[in-house]
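Chemist: Okay, handing you the structure first.
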Amino acid sequence: VAQTVARKLDDNLSDLRTDLERASALVIPALAVNDLDQVYSSLHTLYDYWTRLHHSETPWIIVLTDPDGRIVWSEPPSRNLTSRDLARLLDPAAGHRIVTDSSGQPLVALVVPIRTETRALGWLIARVDRAYVSREFESALTSSGANYEIELIDASGTIIASNVLHHQTVEEEHLELVMSLWQVNQAGVRTHTAEEGGHVIAFVPLPQLPW
């Protein structure tokens with residue numbers, strides 16, 4: 001079940017990333033000559049396509065920045081993405097792509113560079129709200145007929161999304177149990193034994209997520 005849910009989410013993120021990469025390639029000629037109207041038109045087309053594909057749900061923000069990470073355009077207008085968030089997003093040393101909104105809730109972001117062979121033109125970012133990820137969990141569980149608690153976490157144990165969100169971080173014992181699998185990028189099953197009863201933990205890495 002864990003592998004089925006992970007595959008579904010990973011495939012959806014892969015599709016989003018592919019769309020973002022195609023949009024990045026499309027805007028390069030216009031961005032190179034500063035034809036911003038054409039750039040914005042192409043990005044609006046992507047946003048509208050995602051909106052139709054997901055039945056008018058809009059669990060993302062598409063952001064275009066200049067090479068220095070300053071926001072040039074966003075749809076819808078982004079009020080919660082700060083300069084600190086962008087610096088964290090675009091820093092290769094960060095090792096992950098998790099930002100927080102104004103209320104401190106973690107969000108997933110896909111980041112694609114826009115560049116020619118000789119110079120950087122900017123960055124294209126799709127910030128995906130964790131409510132979208134949680135809905136994907138619910139959909140996968142419904143189709144499988146299973147009833148489990150599923151959590152998407154980063155290496156620090158921060159819970160990015162869950163179908164039953166009780167807390168902000170995963171239990172330390174659970175993180176320790178799956179860390180050996182995480183370190184070798186391997187799926188597996190671990191058993192957590194506790195006084196109130198044990199339970200099984202299934203871990204599956206998601207290749208499309210960069211942390």
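Chemist: What accessible area, in Å² to the nearest ten, does a 1.4 Å probe give for THR45?
Modeler: Accessible area, nearest 10 Å²: 90 Å².
Chemist: So for TYR47, TYR40, TYR148, what's the accessible-area order with a 1.4 Å probe, most first?
Modeler: In descending accessible area the options line up as TYR148, TYR40, TYR47.
Chemist: Let me ask something else. Using the per-residue mean of other Cβ atoms lying within 10 Å as a proxy for protection, in what order, highest first, do the peptides 20-29, 178-187 fall?
Modeler: Put in order of decreasing packing, that is 20-29, 178-187.
Chemist: Now, a different point. When the C-alpha atoms of segment 1-52 are aligned to their principal axes, what extent does each axis show, in angstrom, from largest down?
Modeler: Dimensions of segment 1-52 along the principal axes of its Cα atoms: 49, 21, 8 Å.
Chemist: What does the accessible area of HIS199 come to, in Å² to the nearest 10, when a probe of 1.4 Å is used?
Modeler: 70 Å²
Chemist: Any chance you could look up the accessible area of ARG127 with a 1.4 Å probe, heavy atoms only, rounded to 10 Å²?
Modeler: For ARG127, solvent-accessible area is about 20 Å².
The values are calculated or read from the model by the stated rules, or taken from the named source; none is laboratory data. Bear in mind that the values here come from a model prediction, so they are computed numbers and not experimental data. Note: ideal-geometry Cβ built from the backbone for every residue, glycine included; neighbour counts use all protein chains shown. SASA here: full protein model, heavy atoms, side chains in, ligands and nucleic acids out. Shrake-Rupley method; radii C 1.70, N 1.55, O 1.52, S 1.80 Å.
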